[in-house]
Amino acid sequence: MLRIFTTQVTGATKALLHKEEDIEDAARLLCQALASDDHVYIAAFGEMKAIEAEAVLGHEALPNVHSLDEYDIDSVTERDRVVLATRFSHDEEAVQLARKLARRGIPFLSITTITDNDEASLVSYSDQTLDLYLHQGLVPDEDGTRVGYPASLLGLHAYFLLALTVREILAEVG
């Protein structure tokens, strides 16, 4: 099982690299705020809080990146940017926040797995979406189910690709 899981995770991380254009577009969205000393806020749900912790508290946290709590949503302006991270694009709490941000004209990107439920989806509100393509566990179990669902691991990988690209862009304009 361990080898299968490792092989599948490796494949999933490589798949994110094939979305280099999406990552660059998402990074440019964040750089619009960071290059002018505005803020990037992170709102993460469930196990994706790992991304928020890394972005805000990590060893190489980007400047002007903060956690977005419900109480400070009113302080976010259209000059700021927001990253929403959630397991699936139809997460109700994340979609509610996305609606608020969209109504206020605040640009944001999502790190999520896009599901088939397009009516109530982050995709319909997000300026950019980094799709993790993680629809089920990576390892088949003996009873036919699938286990090993590394949403936070792939989310962190996507975040690091994004953060590295942001650093690269800021270095070029700085």
Just one listed residue, out of Glu93, Glu54, is in a helix (DSSP H, G or I) and either touching a Ser or Thr at 6+ places or on another chain (Cβ under 9 Å) or farther than 20 Å from Leu29 by Cα (or both), and it is Glu93
Would you be able to say whether some residue in the range 57-73 is at pLDDT 95 or above, out of contact with any strand residue (DSSP E or B) (no Cβ under 6 Å at 6 or more places or on another chain) and assigned to a helix (DSSP H, G or I)?
-> yes
Keeping to the range 130-151, report how many residues are within 27 Å of Gln32 (Cβ to Cβ) and either surrounded by 19 or more Cβ atoms within 10 Å (Cβ to Cβ) or free of Cβ contacts under 8 Å to residues at least 40 places away in the same chain (or both).
-> 2
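Each row is one residue, and each column tells you yes or no for (1) in contact with a Pro (Cβ under 8 Å, 6 or more places away or on another chain); (2) closer than 20 Å to Ala98 by Cβ; (3) crowded, with 16+ Cβ neighbours inside 10 Å.
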| site | (1), (2), (3) |
| --- | --- |
| Ala35 | no, no, no |
| Glu52 | no, yes, yes |
| Ser67 | no, yes, no |
| Asp80 | no, yes, yes |
Does the range 28-39 contain at least one residue that is within 14 Å of Tyr159 (Cα to Cα) and without any contact (Cβ under 8 Å) to a residue 60 or more places away in the chain?
-> no
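Does Ala26 count as within 17 Å of the chain's Cα centre (by Cα) and not charged (D, E, K, R)?
yes
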Pull up the range 114-159, narrow it to residues that are of a type in the set (Val, Ile, Thr) and assigned to a loop (DSSP other than H, G, I, E, B), then point me to the one that is farthest from Lys100 (Cα to Cα).
-> Thr145
Considering only residues of the range 7-22 that are exposed (fewer than 12 other Cβ atoms within 10 Å of the Cβ) and not small (Gly, Ala, Ser), which is nearest to Gly144 (Cα to Cα)?
-> Thr10
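The values are calculated or read from the model by the stated rules, or taken from the named source; none is laboratory data. All values reported here derive from a predicted model rather than from experimental measurement. Neighbour counts run over all protein chains shown; Cβ positions are idealised from the backbone, glycine included.
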